[in-house]
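Worksheet: the structure to be examined is printed underneath.
Just so you know, all these numbers are worked out from the coordinates, no wet-lab data involved. This is a predicted model, so every value here is computed, not measured. In this analysis, Cβ positions are derived from the backbone assuming ideal geometry, glycine residues included, and neighbour counts consider all displayed protein chains.
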Amino acid sequence: RKEVEQDPGPFNVPEGATVAFNCTYSNSASQSFFWYRQDCRKEPKLLMSVYSSGNEDGRFTAQLNRASQYISLLIRDSKLSDSATYLCVVRNNAGNMLTFGGGTRLMVKP
Amino acid sequence: DAGITQSPRHKVTETGTPVTLRCHQTENHRYMYWYRQDPGHGLRLIHYSYGVKDTDKGEVSDGYSVSRSKTEDFLLTLESATSSQTSVYFCAISDDRGRGNTEAFFGQGTRLTVV
């Protein structure tokens with residue numbers, strides 16, 4: 001079983017739709033969690049950190065469920081520019097290593 | 001954008017030749033990482049460093065070695081390149097202030113093709 005698992009998609013949604021991605025992780029002692037965005041043939045960039053209480057940044061909402069060991073990302077009012085691959089990332093309990101999920105591809109269409 | 005550069009950006013090399021990729025940072029971050037990214041596997045950690053001359057193996061370290069003689073430079077060497085090492089290689093840096101949510105910044109990647 002992979003340490004961090006995501007549905008690879010693609011998720012094809014129309015503009016304005018709400019879309020949600022989940023990610024599960026296997027190490028219950030994991031320290032912190034992130035969502036990264038990666039555009040085609042580019043480097044990953046931080047989208048948002050995920051806090052235990054849940055957090056929101058504009059149209060994006062991240063949630064963490066430690067009991068069930070999953071994190072989620074909700075995107076409201078999808079834009080064409082949201083088309084990308086979204087990577088779930090987990091930092092280990094020692095704080096020195098990041099483990100990436102395989103990514104979920106989102107395609108927003110007009 | 002974080003000051004992190006990778007060189008070369010693209011390289012084609014022959015099987016059996018040695019290859020060295022360079023990652024250079026201007027952020028004075030403690031941690032540096034090398035990842036490879038392949039279809040179906042996502043980003044996988046090759047090696048990482050937590051200080052000058054302090055390195056450790058990641059998930060897919062076989063066939064790779066690293067060196068960090070200065071804070072700003074982290075080198076990845078393929079001693080004898082194989083076709084299975086054709087990939088996109090990303091360097092990342094991270095500070096160690098992170099109680100928790102310290103992010104990692106990535107370089108633009110190196111596309112390596114071994115023929």
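Short version: ³J(HN,Hα) in whole Hz for each residue of region A:68-81, in order, from phi by Karplus 6.51 cos²θ - 1.76 cosθ + 1.60 (θ = phi - 60°), x for Gly and Pro, what are they?
Using θ = phi - 60°, the values come out as 9, 6, 9, 10, 9, 10, 10, 10, 9, 6, 3, 10, 4, 6 Hz.
Within 10 Å of each Cβ of A:36-43, how many other protein chain Cβ atoms are there on average?
The per-residue average across the peptide is 4.
Determine the equivalent ellipsoid of chain A by diagonalising the alpha-carbon gyration tensor, then write out the semi-axes as square roots of 5 times the eigenvalues, largest first, rounded to whole Å.
Ellipsoid half-lengths, sorted descending, are 23, 14, 12 Å.
Taking the Cα-to-Cβ direction at B:T20 and at A:E56 and moving 7 Å from each Cα, how far apart do the two end points lie in nm?
The answer from the label model is 5.2 nm.
Compute the Cα gyration tensor for chain B, then decide on rounded, prolate or oblate, letting a ≥ b ≥ c be the square roots of its eigenvalues: rounded whenever a/c is under 1.5, prolate when a/b is larger than b/c in the other cases, and oblate in all that remain.
Note, shape of chain B comes out prolate.
Rounded to whole Hz and in sequence order, give me ³J(HN,Hα) for region A:22-39 from the Karplus expression 6.51 cos²θ - 1.76 cosθ + 1.60, θ = phi - 60°, writing x for Gly and Pro.
Working through the residues one at a time gives 10, 8, 10, 10, 9, 8, 5, 8, 4, 8, 8, 9, 9, 10, 10, 10, 10, 7 Hz.
When DSSP beta bridges are limited to those with both residues in chain B, what percentage is antiparallel, rounded to the nearest 5?
The answer is about 90 percent antiparallel.
Rounded to the nearest 5, what is the percent of antiparallel bridges among the DSSP beta bridges in chain A?
So the antiparallel bridges amount to about 90 percent of the total.
Relative contact order (percent) for chain B, with alpha-carbon contacts under 8 angstrom and 6 or more residues of separation?
About 35 percent, as a whole number.
In the protein assembly as shown, which cysteines lack any other cysteine Cβ under 4.7 Å from their own?
Taking the Cβ cut-off of 4.7 Å, the unpaired cysteines of the protein assembly as shown are A:C40.
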